[in-house]
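Below: the structure, in structure tokens.
Since every read-out is calculated from the coordinates, none of them should be taken as a lab result. Everything numeric here is computed off the predicted structure, so don't read it as measured data. Every residue, glycine as well, gets a Cβ built from its backbone with ideal geometry; the counts of neighbours run over all protein chains shown.
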Amino acid sequence: MVKQEVEFYDVKSKKKFKTSVYRIVDKSGRMFAVAKSQSGPHECWRVVSKDFAQKNK
């Protein structure tokens, strides 16, 4: 199954990027998509719905 492409915002470089390489993380009942930044070693987090998280695990 191919993951859906998601747009992330890199706060450190102040740029948006799209990727389909991410993982789904559950923190205190909230679902997040987490991707490695394209401009450095840090991670970019984006809030996603529970339905999206189940479809793209």
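Among the GluC sites (Glu not before Pro) found in the chain, those both in a DSSP coil and sparsely packed, with 16 or fewer other Cβ atoms within 10 Å of their Cβ, are Glu5.
In terms of its Cα atoms, the chain spans 29, 27, 15 Å along the principal axes, sorted from long to short. From helices alone, the chain scores -2500 deg cm²/dmol at 222 nm; the rule is -39500 (n - 2.57) for each run of n ≥ 4 DSSP H residues, then divide by the residue total. Label sites at Ser39 and Arg23, each approximated as a point 7 angstrom past Cα along Cα to Cβ, lie 2.4 nm apart. The magnitude of the dipole of region 6-55, with charges of +1 and -1 set on the Cβ of Lys/Arg and Asp/Glu and taken from the Cα centre, is near 120 debye.
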